[in-house]
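Here's the structure we're looking at; comments come further down.
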Amino acid sequence: MHRLIQRISLAAALTLVPAIAAAQHGMENPKHELGVDLGVVYSKPSGGDGVISIGTPVDLRIGFVSSGKVEVEPRFSFLFASGGGSSAWVFTPDINLLFGMSANNNKQGPYLTVGAGVNLAHASSGGVGSSASQFNFNGGIGTRVPYESGAFRLEAFARYLLKNTSKNLPNELQIGARIGLSLWH
């Protein structure tokens, strides 16, 4: 009986070896960068007053890591505000390209980012609601600082929202900074 338990244990251990090896390989060459950010943004609509916003998460992101210096990164942010019988939300999906500037790999060091997206907004008050959308372009410069099995990301960025004349939304310039945590998968 003792010998049977040893053989079963050995067989079980040998079946785990390929999975352990594959997991180790995956950490060296990750396929995805998952992250969440906290940020501060100064927004200035044309013809209006500027506003400073602080929020978390500014965005959730998933980067598709490539073997080269370019990474495709969809980002999603959601803002909800409610009070005084009214509510509003803004959902912003963006698609960005990150250009790694480090000689080593894309898991650390400086990068540039450019992208585009759309702000999908809805506001309601007293049972009456309205929706609008605004296209945006953005760009930034940042760096990844390795930490344990992930990295901290520090980024300065600018976003320009295009005017939507049918909904009477002006152009808007946003300048901000974000700090985030990335995990590799």
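Counting only residues at least eight positions apart within a chain, or on another chain, the lysines with an alpha carbon under 18 Å from that of LYS107 are LYS31, LYS69. Please say if segment 94-185 is rounded, prolate or oblate, where rounded means a/c under 1.5 for a ≥ b ≥ c the square roots of the C-alpha gyration tensor eigenvalues, and otherwise the choice is prolate for a/b larger than b/c and oblate otherwise? Taking the square roots of the gyration eigenvalues as a ≥ b ≥ c, segment 94-185 is prolate. Of the whole protein surface, THR143 contributes about 40 Å² of accessible area at a 1.4 Å probe radius. Bridging of LYS44 to lysines at a Cα separation below 26 Å is possible for LYS163, LYS167, once same-chain residues fewer than 8 apart are set aside. If you take all other residues with their beta carbon under 9 Å from the beta carbon of GLY39, and give Lys and Arg +1 and Asp and Glu -1, the sum is -2. Ordered from highest to lowest accessible area with the whole protein assembly present and a 1.4 Å probe, ILE52, ILE62 read as ILE52, ILE62. Please check which bits of segment 55-96 a label hung off LYS31 would reach, taking the label as a point 7 Å along Cα-to-C-beta and the cut-off as backbone N under 13 Å. Those under the cut-off are 64-66.
The values are calculated or read from the model by the stated rules, or taken from the named source; none is laboratory data. Not measured: the values here are computed from a predicted model. All Cβ positions, glycine included, derive from the backbone under ideal geometry; neighbour counts span all protein chains shown. Ligands, DNA and RNA are excluded from the accessible area calculation, which covers all protein heavy atoms including side chains. Shrake-Rupley method; radii C 1.70, N 1.55, O 1.52, S 1.80 Å.
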